[in-house]
Amino acid sequence: MKTQVAIIGAGPSGLLLGQLLHRQGIDTVILEAKTPEYVLSRIRAGVLEYGFVDLMREAGASERMDREGLVHEGFSLDFNGRRERIDMAGLTGGHSVMVYGQTDLTEDLMAIRKTSGAPIIYEAANVQLHDFYTDAPRVTFEHKGEKITLECDYIAGCDGFHGVSRQSAPQDKIRNFERVYPFGWLGLLSDTPPIEEELLYIHNPRGFALCSMRSTTRSRYYLQCSLAEHVEEWSDDRFWSELSLRLPKDIAGQLITGPSLEKSIAPLRSFVAEPMKFGRMFLVGDAAHIVPPTGAKGLNLASSDVYTLYHALRGTYHEGRADLLDKYSEICLRRIWKAERFSWWMTMLLHTFDEDPFSQRIQQAEQDYYTSTVAGRTTIAENYVGLPYEPVV
């Protein structure tokens, strides 16, 4: 097999990159280790920055998102019963975010890929990357008992934190930065109306909580929990009871409960791998970086990586700009570290830590300053809606 760009991973970043390149006449083959059903079973993010929304439109994949997505112009922070709304649109010149579930987004991109006829191979086993420091990279894999070699010009590693792409980078050429947090998020998805129309982040002595949604009829709630706990220990009744205790008293009575569609515990970590380019192999999304979900940046950072790689590849193939791909890692990492900082900061601002009284007072001062000044609110709003994508020139 031959193609121009081999894309490893059929999650949102791999599918979006494939669609953008396809519309530019650049051939791609997507390899995915799992089944389509498994890919769609992943319950992930649902808050899209305006830059991601625009990129979906550029890819011609926004019809259902524009019809069903919920535009949010603000969100609220609650500090032990003190409510502060962040007016994102008012503070950023009209920018907003869109609530649209990753599962729906992935379904849309899968459907467009199928309609386009561009190749996508699921259940590709034993994927290995070769010769990406040469002018003739190749990917080998097994599919339906057959050993296959895919020759390509470039490899885009969109296969996540545990994928083969980052593991294939020479260990003497990559540096990892990581911070692991001493708690996790217990998430519950339910077909119940959201408690409020906008997202609500809660700092409470019992622990952090987040009230989010996927639609006007489907809610997603999170509770800070110990890493020693197991999801099996959390019945639906226990979850709803604990959430009620952490909610502000004025809205706790509005909570509508119901059977969970999914429950899971996710540990929180910050992670960045540098660089993101190894010869003709490029790391994209979670393959290169992880953020705690507090700032809603995981999927959105993948989108900005896709934007950068897409424009660099388009310039390479259509304009002969061989220099653009050399800028990929540098451009991406500038935005990544800013998003890492914001996600870390939101995590430190809102969670409950077993810390000394001085650190607790500092946290309270941060909460007060950033919500009581226009400068502080603007900083939160600008980061939440997403910093602008850097032009690839």
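Would you confirm, using the coordinates I've provided, whether G94 is at positive phi and in contact with a Pro (Cβ under 9 Å, 6 or more places away or on another chain)? Before the answer, list the steps.
Details: at positive phi: yes; in contact with a Pro (Cβ under 9 Å, 6 or more places away or on another chain): no.
Criteria not met by G94.
Just one of A124, A136 is out of contact with any Pro (no Cβ under 8 Å at 6 or more places or on another chain) and crowded, with 21+ Cβ neighbours inside 10 Å; which is it? It would help to see each step written out before you state the result.
On the way: A136 fails: crowded, with 21+ Cβ neighbours inside 10 Å.
Only one candidate qualifies: A124.
Please state which one of A302, A322, A296, A266 is under 27 Å from I174 (Cα atoms), small (G, A, S) and modelled with pLDDT of 95 or more.
On the way: A322 fails: modelled with pLDDT of 95 or more; A296 fails: modelled with pLDDT of 95 or more; A266 fails: modelled with pLDDT of 95 or more.
None of the others qualify; the one that does is A302.
When the range 42-95 is examined, which residues are found to be in contact with a His (Cβ under 7 Å, 6 or more places away or on another chain) and surrounded by fewer than 18 Cβ atoms within 10 Å (Cβ to Cβ)?
N80, A89
Here's the yes/no breakdown for (1) assigned to a helix (DSSP H, G or I); (2) more than 25 Å from the chain's Cα centre (by Cα); (3) of a type in the set (A, V, I, L, M, F, W, C):
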site	(1), (2), (3)
E232	yes, yes, no
L245	yes, yes, yes
D250	yes, yes, no
I256	no, yes, yes
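Keeping to the range 114-164, report how many residues are farther than 20 Å from D27 by Cα and of a type in the set (G, A, S).
4
List every residue pair whose Cβ atoms lie under 8 Å apart, where the two residues are 6 or more positions apart in sequence or sit on different chains, the first residue falls within the range 338-352 and is more than 13 Å from I380 (Cβ to Cβ) and in contact (Cβ under 8 Å) with a residue 12 or more places away in the chain, and the second residue, located anywhere, is crowded, with 22+ Cβ neighbours inside 10 Å and of a type in the set (S, T, Y).
From residues that are more than 13 Å from I380 (Cβ to Cβ) and in contact (Cβ under 8 Å) with a residue 12 or more places away in the chain, the pairs are T347/T294; H351/T294.
If E232 satisfies every condition in (1) free of Cβ contacts under 8 Å to residues at least 40 places away in the same chain; (2) out of contact with any helix residue (DSSP H, G or I) (no Cβ under 9 Å at 6 or more places or on another chain); (3) surrounded by 12 or more Cβ atoms within 10 Å (Cβ to Cβ) but one, which is the exception?
(3)
Condition first: polar (S, T, N, Q) and over 17 Å from I7 (Cβ atoms). Now tell me which residues in the range 126-154 satisfy that. Let's see the steps before the verdict.
Quick first cut of the range 126-154, residues polar (S, T, N, Q) only: 126, 128, 134, 140, 149.
Hits for the range 126-154 are N126, T134.
Among the candidates D104, D135, single out the residue that is in contact (Cβ under 8 Å) with a residue 40 or more places away in the chain and under 21 Å from Y38 (Cα atoms).
Details: D135 fails: under 21 Å from Y38 (Cα atoms).
The unique qualifying residue is D104.
Can you name every residue in the range 367-378 that is surrounded by 16 or more Cβ atoms within 10 Å (Cβ to Cβ) and free of Cβ contacts under 8 Å to residues at least 60 places away in the same chain? Spell out the reasoning first.
At the first step, the residues of the range 367-378 found to be surrounded by 16 or more Cβ atoms within 10 Å (Cβ to Cβ) are 367, 370-371, 376-378.
Passing the criteria: Y370, G376.
Pull out all pairs, ordered by first then second residue, where Cβ-Cβ is under 9 Å, the residues are six or more apart or on different chains, the first lies in the range 13-37 and is part of a helix (DSSP H, G or I), and the second is of a type in the set (F, W, Y).
Close Cβ pairs (under 9 Å, with a partner that is of a type in the set (F, W, Y)) amount to L16/F52; L16/Y310; L17/Y310; L20/Y307; L20/Y310; L21/Y310; L21/Y317; P36/Y122.
Can you tell me which of L243, L268 is surrounded by 16 or more Cβ atoms within 10 Å (Cβ to Cβ), over 30 Å from D135 (Cα atoms) and in contact with a Pro (Cβ under 6 Å, 6 or more places away or on another chain)? Spell out the reasoning first.
On the way: L243 fails: in contact with a Pro (Cβ under 6 Å, 6 or more places away or on another chain).
Matching residue, one of L243, L268: L268.
Scanning for something closer than 29 Å to T308 by Cα, among the aliphatic types (A, V, I, L, M) and buried (at least 16 other Cβ atoms within 10 Å of the Cβ), does the range 350-358 turn up at least one residue? Can you show your working first?
Kept after step one, since they are closer than 29 Å to T308 by Cα, are these residues of the range 350-358: none.
No, that holds for no residue.
Tell me the residue from L186, L129 that is touching a residue at least 40 places away in the same chain (Cβ under 8 Å), over 29 Å from R341 (Cβ atoms), surrounded by 17 or more Cβ atoms within 10 Å (Cβ to Cβ) and in contact with a strand residue (DSSP E or B) (Cβ under 6 Å, 6 or more places away or on another chain), please. Lay out the reasoning, then the answer.
Details: L186 fails: over 29 Å from R341 (Cβ atoms).
Step by step, each of L186, L129 is checked, and only L129 is touching a residue at least 40 places away in the same chain (Cβ under 8 Å), over 29 Å from R341 (Cβ atoms), surrounded by 17 or more Cβ atoms within 10 Å (Cβ to Cβ) and in contact with a strand residue (DSSP E or B) (Cβ under 6 Å, 6 or more places away or on another chain).
I'm trying to understand the selection: among the residues of the range 281-321, which are in a loop (DSSP other than H, G, I, E, B) and in contact with a helix residue (DSSP H, G or I) (Cβ under 6 Å, 6 or more places away or on another chain)?
Of all residues in the range 281-321, those in a loop (DSSP other than H, G, I, E, B) come to 284, 288, 291-292, 296-297, 320-321.
Within the range 281-321, V284, V291, P292, K297, R321 qualify.
Take A118 and decide whether it is in a loop (DSSP other than H, G, I, E, B), of a type outside the set (D, E, K, R), under 23 Å from L17 (Cα atoms) and in contact with a Ser or Thr (Cβ under 7 Å, 6 or more places away or on another chain). Reasoning before the result, please.
Numbers: in a loop (DSSP other than H, G, I, E, B): yes; of a type outside the set (D, E, K, R): yes; under 23 Å from L17 (Cα atoms): yes; in contact with a Ser or Thr (Cβ under 7 Å, 6 or more places away or on another chain): yes.
For A118, the condition - in a loop (DSSP other than H, G, I, E, B), of a type outside the set (D, E, K, R), under 23 Å from L17 (Cα atoms) and in contact with a Ser or Thr (Cβ under 7 Å, 6 or more places away or on another chain) - is met.
Would you pick out the residues in the range 251-260 that are touching a residue at least 40 places away in the same chain (Cβ under 8 Å) and loosely packed, with under 14 Cβ neighbours inside 10 Å?
Step one: filter the range 251-260 for residues touching a residue at least 40 places away in the same chain (Cβ under 8 Å), giving 251, 254-260.
Hits for the range 251-260 are Q254, I256, G258, P259.
Can you name the residue in the range 139-157 that is of a type outside the set (S, T, Y) and under 28 Å from the mean Cα position of the chain (by Cα) and, of all such residues, is surrounded by the fewest Cβ atoms within 10 Å (Cβ to Cβ)?
Of the range 139-157, the ones of a type outside the set (S, T, Y) are 139, 141-148, 150-153, 155-157.
From the residues that got through so far, the ones that are under 28 Å from the mean Cα position of the chain (by Cα) too are 139, 141, 152-153, 155-157.
On the way: V139: 27, F141: 23, C152: 22, D153: 18, I155: 27, A156: 31, G157: 29.
Ranking the qualifying residues of the range 139-157, first place goes to D153.
The values are calculated or read from the model by the stated rules, or taken from the named source; none is laboratory data. Owing to the predicted nature of the structure, the values given are computational and were not obtained by experimental measurement. When we count neighbours, we look across all protein chains shown, and the Cβ atoms used for this are built from the backbone with ideal geometry, even at glycine.
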